[in-house]
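Written below as structure tokens is the structure these notes are about.
Every number in this text was worked out from the coordinates using simple rules, so none of it is lab data. Being a predicted model, the structure only gives us computed values, none of them experimental. All Cβ positions, glycine included, derive from the backbone under ideal geometry; neighbour counts span all protein chains shown.
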């Protein structure tokens, strides 16, 4: 039997697995991200999930921001305006 729960707005599931080893453990996974693991207890599972999420978000590739052809500026403000302030003045 699998139990579902939501942690940091992500849906996870876990089950107690005692068939594949001599000691039972909790096998867990995320339905929305490609992460999973095994933990010896429920408390350790939450700790492992937190560590795995941090590592996943740290290692994922971020989208590359395109720089302005004239000045090379990349910033969230430029993305919101679709151009940099210097190029706005020059137009």
If you go through the range 11-32, how many residues are more than 17 Å from residue 47 (Cβ to Cβ) and either in contact with a strand residue (DSSP E or B) (Cβ under 7 Å, 6 or more places away or on another chain) or in contact (Cβ under 8 Å) with a residue 60 or more places away in the chain (or both)?
8
Please go through the range 18-49 and pick out each residue that is farther than 21 Å from residue 59 by Cα and surrounded by fewer than 14 Cβ atoms within 10 Å (Cβ to Cβ).
18, 19, 20, 21, 22, 23, 24, 40, 41, 42, 43
